[in-house]
Amino acid sequence: MKTTVALVDDHELLRSGLAAIINSLGEFEVVLEAGNGLEFIKKVKSITPPDIVLLDITMPEMDGYETAAWIRKHLPTVKVLVLSMLSNDMAIIRMLRNGVKGYIIKDSKPHVFKEAMESIQRNEFYVNELVRDKLINYVSNEEDEGKQTALLLNISEQEAHFLQLLCADKSYREIGEEMCVSVRTIDNYRDNLFKKLDIKTRVGLVLFAIKQGIVNIYE
């Protein structure tokens, strides 16, 4: 029997191209396509869960972080392979934390994509060279990198979202409105991050977010 695959990516043209490539491999078959996590959840409930989910990170309504976490909780036997343009440390660590089996960058060579699919099919872990180098950097200096990893892992989804909005030069009131929480809750996010990161100013938080790739200053 063929290995079944779901594609979750908000770019329809890319999904069509990936579906054609995957189906041409012979041993794989695309059985579901979705433009975001919410659409995936709705569709997957009406079919036999796929063996592999090929997942993007940056999507509207429900992104890859939330989708991977949902899959880990509700479909624990489904293997997730991330295919994303994001190559920063924060994105990689957060997705690995959510239980994905592999992580490759969208501009990877076709043979890398094929290797990744086959590795995930065999229940092996797969990362491409760029991601592998980043992971090696974390273990090459146990004290400094270990501390940095701990900092990143200690940031919640809400706090990461707060940092992204903070970098957009929004007031605390505007951030609260966008996140649908009170200003007091926003103050708590800020104060918690001050303590966690040993940072004392808003500018410091912004610099941390940019340095760690939580926000892309070119977007």
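The values are calculated or read from the model by the stated rules, or taken from the named source; none is laboratory data. This structure is a prediction, so every number in the text was calculated from the model and none was measured. For neighbour counting, all protein chains shown are included, and Cβ atoms are generated from backbone atoms with ideal geometry for every residue, glycine included. Heavy atoms of the whole protein, side chains included, go into the accessibility calculation; ligands, DNA and RNA do not. Shrake-Rupley method; radii C 1.70, N 1.55, O 1.52, S 1.80 Å.
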Mind telling me which of the residues THR4, THR67 ends up being within 15 Å of GLN121 (Cα to Cα), open to solvent by less than 50 Å² (accessible area, probe 1.4 Å) and in contact (Cβ under 8 Å) with a residue 40 or more places away in the chain? THR4
State all residues of region 14-35 that are within 20 Å of THR77 (Cα to Cα) and either in contact with a helix residue (DSSP H, G or I) (Cβ under 9 Å, 6 or more places away or on another chain) or surrounded by fewer than 15 Cβ atoms within 10 Å (Cβ to Cβ) (or both); if no residue qualifies, say none. GLU27, PHE28, GLU29, VAL30, LEU32, GLU33, ALA34
Against the definition (over 16 Å from the mean Cα position of the chain (by Cα) and touching a residue at least 60 places away in the same chain (Cβ under 8 Å)), how does ILE47 come out, yes or no? no
MET90 versus (1) in contact with a strand residue (DSSP E or B) (Cβ under 9 Å, 6 or more places away or on another chain); (2) open to solvent by less than 20 Å² (accessible area, probe 1.4 Å): which is the lone unmet condition? (1)
Going residue by residue through region 189-198, is there one that turns out to be loosely packed, with under 13 Cβ neighbours inside 10 Å and modelled with pLDDT under 85? no
Just to be sure I understand the filter: pairs with C-beta atoms under 9 Å, separated by 6 or more residues or on different chains, first member in region 105-129 and closer than 12 Å to LEU81 by Cβ and part of a helix (DSSP H, G or I), second member open to solvent by 90 Å² or more (accessible area, probe 1.4 Å) and at pLDDT below 85. Which pairs pass? VAL112/GLU129; SER119/PHE125
For the list (1) over 19 Å from PHE125 (Cα atoms); (2) open to solvent by less than 10 Å² (accessible area, probe 1.4 Å), I need the number of the one condition that SER46 fails. (2)
Note on region 70-87: residues open to solvent by less than 10 Å² (accessible area, probe 1.4 Å) and either among the polar types (S, T, N, Q) or touching a residue at least 60 places away in the same chain (Cβ under 8 Å) (or both) are SER84
Residues that are touching a Lys or Arg at 6+ places or on another chain (Cβ under 9 Å), modelled with pLDDT under 85 and not polar (S, T, N, Q), drawn from region 125-173: PHE125, TYR126, VAL127, LEU151, LEU152, LEU153, ILE155, GLU157
So is GLY176 surrounded by 14 or more Cβ atoms within 10 Å (Cβ to Cβ) and at pLDDT 85 or above or not? yes
Residue hits (region 163-173; open to solvent by less than 60 Å² (accessible area, probe 1.4 Å), touching a residue at least 24 places away in the same chain (Cβ under 8 Å) and assigned to a helix (DSSP H, G or I)) are LEU163, LEU166
